[in-house]
Amino acid sequence: MSHIAPKSMYYTIFGILMVMTALTVYAAFHHLGVFNFPVAIGIAITKATLVVLFFMHAKYSSRLTKLFVGMSFFFLAIMFALTLTDYMSRGLKTYPGGAGGAGYGVRSAAPAHEAAPAGEEHKEGEAAH
Amino acid sequence: MSDAAAITGDAHAHGHHPDLQHHFDTLEQQHEAATLGMWLFLVTEVLFFGGLFLAYMLYRVWYHEAWVAGSKELSIALGGFNTVVLIGSSLTMAMAVRSAQTGYRRATIGWLLGTMALGLTFLIVKVFEYKDKFDHHHVPGYDFHVDAAHAGIAGPMEIFFSLYFTMTGLHALHMIIGFGLMSVITWMAYKNRFSPQWYTPVEMSGLYWHFVDIVWIFLFPLLYLVDRTQ
């Protein structure tokens, strides 16, 4: 009725997932600068893709089901892209030589008592300590 | 299918598979509809957890220092152990579905019980992790405080732990629901309800369980790992 994959496939995928789990823990303890985050997310996305394709049988599903699978991540991408486009660009200048946009300095404009500029207050805390 | 039998109300004297419902033409069509419906539900689940991941991302950028400090309070040993346990439970679940596909009833029950055992292990470890957070006053809104070195970022750290508890808590809730589903499926398998022609509940529970696994695949690096070197 539907595709029956060999047992060896499931064990192989499990093995790859285990190796990648070890890899992501290993990478977390190495200073990769700005790449720590993309590496961790990249490994997670790869693991998730393997689970979807092989454990969840998306690879062997009908085209309509595949469309639905892709749709969930497509809408997720829209949600992330549009929201982050807004929040991540708030400190940017909106024209050459101009001041920042409407949300400029939103990070330091947060309630002063503890939120913002976290870095400086952290140093104060350490000094007091 | 036989319309005559349906009209006379003699529902199951006519010659179709007992698990084929009357509004479907074939078992294949029924199976396809169930799979599609389950994936549609999972789309809503992806977006449901997606909103929380988005909140995590924004606050992480705003309060990066608090995220680093909060993340370092979590135990990689316990989180890593749970990752192995949960991916292992995905393997046993996939094998349960395969056993159902091939009609091995005892194997199906065995793999399902194995999956439940691993799921329970995960939840028990989670209880110990949560208890540790209570002991260290890292539970938001419940006598929350951080050590003196982080006094200046106590507020943002409380946000970190709010998201930690919301995301892992909702994940754990999904696992508890999955455990309930699995209990029913195991009982049905015990009652010999499945056949290579019809094992839809096993497969749909499998899809759900794998989805819960995927959520954790993202939670583990994001909450426990990414800021270790900062």
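So here's what we get for this one:
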| read-out | value |
| --- | --- |
| Residue with peak Gaussian network fluctuation, chain B [Cα springs, cutoff 10 Å], from B:ALA189, B:ALA77, B:ALA117 | B:ALA77 |
| Approximate spin-label separation B:LEU40-B:ALA77, in nm, with each point projected 7 Å along Cα-to-Cβ | 4.8 nm |
| Binned Cα-Cα distances of the protein assembly as shown, short to long, each 20 Å bin given as a whole percent | 26, 49, 20, 4, 0 |
| Degrees, to the nearest 10: B:200-219 long Cα axis against longest axis of chain B | 10 degrees |
| GNM flexibility winner over chain B from B:LEU74, B:LEU173, B:LEU58 (Cα, springs under 10 Å) | B:LEU58 |
| Selected from B:THR83, B:TRP111, B:ALA66, residue furthest toward positive end of dipole (chain B; charges at beta carbon) | B:TRP111 |
| R0 of 45 Å, Cβ-Cβ distance A:MET18-A:ILE78: FRET efficiency to nearest 0.05 | 0.85 |
| Chain B - mean residue ellipticity at 222 nm from DSSP helices (-39,500 (n - 2.57) per run, n ≥ 4, rounded to 500) | -25000 deg cm²/dmol |
| Net charge of neighbours whose Cβ lies under 12 Å from the Cβ of B:ASN192, counting Lys and Arg as +1 and Asp and Glu as -1 | +4 |
| Gyration tensor (alpha-carbon) shape descriptor, region B:44-100, a/c threshold 1.5 | oblate |
| Distance (nanometres) between label positions extended 7 Å along Cα→Cβ at A:MET71 and B:LEU120 | 3.8 nm |
| Loop trypsin sites (Lys or Arg not before Pro), region B:187-230 (other Cβ atoms within 10 Å of the site Cβ: 14 or fewer; DSSP) | B:LYS191 |
| Net dipole in debye of chain B [+1 Lys, Arg Cβ; -1 Asp, Glu Cβ; about Cα centre; nearest 20] | 540 debye |
| Cα→Cβ-extended label distance, 7 Å offset, between A:MET9 and B:HIS145, nm | 5.7 nm |
| Estimated vicinal HN-Hα couplings, Hz - region A:32-47 in sequence order (Karplus 6.51, -1.76, 1.60; Gly, Pro = x) | 10, x, 5, 8, 4, 5, x, 5, 4, 5, x, 5, 4, 5, 4, 4 |
| Cα-Cα over 27 Å, subset of A:LYS7/B:LYS191; A:LYS47/B:LYS126; A:LYS7/A:LYS59; A:LYS7/A:LYS66; A:LYS59/B:LYS72; B:LYS72/B:LYS126 | A:LYS59/B:LYS72 |
| Descending principal axes extents, chain B, alpha-carbon based, whole Å | 79, 31, 29 |
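Computed from the coordinates by the stated procedures, all read-outs in this text should not be read as laboratory data. What you see is a predicted model; the values in this text were computed from it and never measured. Heads up, the Cβs are rebuilt from the backbone with ideal geometry, glycines too, and the neighbour counts pull from every protein chain shown.
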